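Nothing in this text is a laboratory measurement; each read-out follows from the coordinates by a stated rule. Only a predicted model underlies this, so the values are computations on that prediction, with no experimental measurement involved. Counting neighbours? That spans all protein chains shown, and the Cβs are built from the backbone with ideal geometry, glycine included.
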Amino acid sequence: MKGKSREDSESLAKDAPEDVDVETVAEEHTETSDADSLADSASEASSVEPNEAENNPATTATDRDFMEIDESTPLANQIANETKRREELKNSTLPIPLETRFISVSNQKGGVGKTTSTVNLAAALAKQGLHVLVVDIDPQGNASTALGIDHRAEVDSIYDVLINDVPLAEVIQKCPDLDNLVVAPATIHLAGAEIELVSLVAREQRLRRALEEYANHRASEGEARLDYIFIDCPPSLGLLTVNAFVAAKEVLIPIQCEYYALEGLSQLLNNIKLIQKHLNESLDVSTILLTMYDGRTNLASQVAAEVREHFPSEVLDAVIPRSVRISEAPSYQQTVITYDPNSTGALSYLEAASEIAKRGAEKDSTKK
Ligand SMILES: Nc1ncnc2c1ncn2[C@@H]1O[C@H](COP(=O)(O)OP(=O)(O)OP(=O)(O)O)[C@@H](O)[C@H]1O
Ligand SMILES: [Mg+2]
């Protein structure tokens with residue numbers, strides 16, 4: 001945070017849409033920019049090793065049914081490895097967090113897997129009996145689509161909650177495929193919310209208050225306490241994302257294992273520091289998830305290694321491979337967890353969810 005004036009910091013809170021000057025923030029922090037050095041070294045490792053289909057982590061069980069299996073091949077190793085991982089998952093139960101975990105899934109870089117990670121982690125946890133809410137605050141409404149939630153313009157949505165003070169309970173819809181998963185959808189109206197929020201009272205606090213009220217509502221209705229709330233952020237650092245950072249206790253940053261994905265990471269971390277300083281001191285970057293990992297490229301493994309070196313305690317061991325099943329699930333209005341539960345992609349998201357739950361339980365045990 002060194003080098004930032006108080007005026008700059010306050011301007012983030014007050015006028016986030018106009019004043020979060022991403023270039024200025026990035027320039028001021030060049031001397032501490034982990035992300036930039038990561039990006040540089042990643043660029044040196046851009047050679048692609050041609051490889052066979054069986055080495056691709058994206059290869060799914062269904063694909064493999066059509067391949068001939070030679071036990072001495074990497075494919076056989078991969079199958080053995082996946083079988084072992086599935087067994088390990090089967091034998092472990094997910095701990096229930098002491099308190100509701102509020103996780104903002106954020107990265108102002110577009111297309112890095114925020115929505116995919118939000119919906120699949122939420123589905124993985126809900127499938128295993130935990131009570132989960134997904135709040136879609138991206139006007140694109142991709143999380144709503146992937147969870148099979150109606151988000152046509154005429155549907156009441158998170159826009160009405162943030163702008164018109166409609167209670168969250170009135171816009172919540174149940175995910176058709178998973179009993180314990182509920183969703184606050186985003187509609188196209190949310191596109192105007194960044195501007196409309198500017199003139200509203202307590203504009204940075206509106207999501208936090210709505211979530212608090214919703215928790216009370218559930219308690220008064222005798223509904224189960226939520227274990228996890230995931231907020232799927234848009235690819236920007238405007239007031240919608242500020243609302244998510246103020247409402248959340250944790251930030252989960254998906255990082256795509258490719259060169260450009262590391263750009264802007266220092267800027268994101270600096271904005272989070274500003275939020276910690278002025279609006280939500282308990283916000284913690286608890287989790288970094290490596291996404292779209294392509295084992296055929298040296299670049300992917302170099303990027304993953306560099307990110308792990310710089311953020312050793314935040315990066316999950318589980319890595320999400322680039323996978324056709326993951327990318328096609330939303331077109332069936334599903335998560336990969338329900339669309340193809342036996343795929344490598346589903347396995348990886350189940351592992352990531354399990355790790356998030358267990359790391360949370362370890363932190364809980366130190367609080368007791
Ligand atoms: N592991 C993966 N394998 C293959 N494709 C993936 C994977 N993860 C995400 N994708 C695809 O990459 C694209 C971007 O993913 P996603 O929408 O989750 O990113 P995002 O960060 O939410 O994007 P935005 O910034 O636009 O909100 C989507 O088409 C998605 O289906
Ligand atoms: Mg998205």
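Here are a few things to note about the model shown:
- Per-pair calculated FRET efficiency, R0 = 30 Å: ASN164 and ILE96 via Cβ, rounded to 0.05: 0.30
- HN-Hα J in Hz across segment 239-256 - Karplus 6.51, -1.76, 1.60, θ = phi - 60°, x for Gly and Pro: 5, 5, 5, 4, 4, 5, 5, 6, 6, 8, 9, 10, 10, 10, 10, x, 10, 6
- Efficiency of FRET from Cβ geometry, ARG152 and SER365, R₀ 51 Å, rounded to 0.05: 0.70
- Segment 126-256: C-alpha gyration tensor shape, a/c 1.5 cut-off, then a/b vs b/c: rounded
- Restricting segment 242-336 to GluC sites (Glu not before Pro) in coil, as DSSP defines it, with at most 14 other Cβ within 10 Å: GLU281
- Surrounding net charge for GLN334, when Lys and Arg each add one and Asp and Glu each subtract one, Cβ distance under 13 Å: -1
- Taken as Cα centroids, segment 297-354 and segment 84-122 sit 10 Å apart, rounded to the nearest whole angstrom.
- Distance between segment 267-290 and segment 152-214 - C-alpha centres, whole angstrom: 22 Å
- As a proxy for reagent exposure, VAL132, VAL119, VAL246 were ordered by neighbouring Cβ count within 10 angstrom, fewest first; the result is VAL246, VAL132, VAL119.
- For LYS358, LYS84, LYS249, order by how many other beta-carbon atoms lie within 10 Å, fewest first: LYS84, LYS358, LYS249
- Legend: residue pairs LYS90/LYS249; LYS84/LYS358; LYS114/LYS249; LYS127/LYS358, Cα-Cα distance threshold 24 Å; pairs beyond threshold, LYS90/LYS249.
- Inter-site label distance for HIS217 and VAL198 at 7 Å from Cα along Cβ, in nm: 2.9 nm
- Listed values for segment 184-198 are Karplus-derived 3J(HN,Hα) couplings in whole Hz (6.51 cos²θ - 1.76 cosθ + 1.60, θ = phi - 60°), namely 9, x, 10, 10, 4, 4, 4, 4, x, 5, 3, 7, 5, 5, 3, and x replaces Gly and Pro.
- Length gained when the stretch ASN81-VAL324 is fully extended (0.36 nm per residue, less Cα-Cα span): 85.5 nm
- Neighbour-count ranking [beta-carbon atoms within 10 angstrom, fewest first] of SER157, SER117, SER327, SER286: SER327, SER286, SER117, SER157
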